[in-house]
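First the structure, in the form of structure tokens, and then the observations on it.
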Amino acid sequence: MKVAFGAKTDVGLKRQQNEDSLCADPKLGLFVVCDGLGGRNAGEVASRLAVTVIQKHLREACEVRTLPMIGKYSDRFSPQTNRLASAVRLANQIVNGASASNGNLTGMGTTAVSALMNGKTLSLAHVGDSRIYLIRGGTIQVLTRDHTLVAEQVRQGVLTEEEAEVSRQKHIITRALGIEEDVEVDLDEVTVRQDDVLILCSDGLTSGVKPSEILKAVQSEEEPQAASERLVSMANAAGGLDNTTVIVVAVKKLSDGTFWKKIWKGAKSGG
């Protein structure tokens, strides 16, 4: 499988600095979005550190096959997914350790969504409320579960989706990197197909732009970079209350020069 990607991060219209960080490394097949927790100290440091650690760990794993795994190995998932989980857990340890050892960084934390592609296997690992979407066959679905108070209440039947949207507590995170010495990382695996499109994003996008609008915007653009820039612009048009980061990844198995137009034609028509 070949991939093409576009990426964009933006401070938004209300924040003084951008606490989001991203990694797009097609050689590794790695894509990561981290969103430093607002209202806490050094969110930008936490997100940048997490991205760096995840990428470095996976690079080292490619060079040293016997590199120790961080955390418990799960037989439910492939070695690739377990390695991605190891990288996210290591990022948690490093961010937490930096927070504990430096008074200027005390309490810092970050969300993380990550995708690692190898052939047709897509490994997913995430913590927090940043998201990964899959566009396939003209539809969009979210591949991650928000780790927020209201999302948990919706899953328990305490709140409806509509009530959650207007709740004053909707941005309260229940899980993030760096807050505790250990963190539970949600894992999943997806078999990718030709013409699939993945979107990794921080909540600066999802808090103001609905999935149906994301789908329409991506389908209206010819290239991933244009799609990522359009989505960030839409987040700002919706108020730009937060930093927004978007990575758009398009999947195709082609060897000729018609890559761009064919992949986006497939994404629009459902293949």
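For region 1-133, relative contact order (Cα pairs under 8 Å, six or more residues apart, normalised by length) works out to 27 percent. Remark: relative contact order (the chain) = 27 percent; criterion is Cα-Cα distance under 8 angstrom and separation of 6 or more residues.
Region 65-125 and region 183-202 have Cα centres spaced 15 Å apart. The HN-Hα couplings worked out from phi for region 174-183 by the Karplus form 6.51 cos²θ - 1.76 cosθ + 1.60 (θ = phi - 60°) are 9, 8, 7, 6, x, 6, 10, 5, 10, 9 Hz, whole numbers, x standing for Gly and Pro. Helices meeting the span-like rule in the chain (full DSSP H runs, Cα extent of at least 18 Å along the helix axis, mean Kyte-Doolittle score of 0.0 or higher): 43-63. The Cα-based radius of gyration and maximum Cα-Cα distance (Dmax) for the chain are 17.9, 54 Å.
A short reminder: the numbers here are calculations on the coordinates, not readings from a lab. Because the structure is a prediction, the values reported are computed rather than measured.
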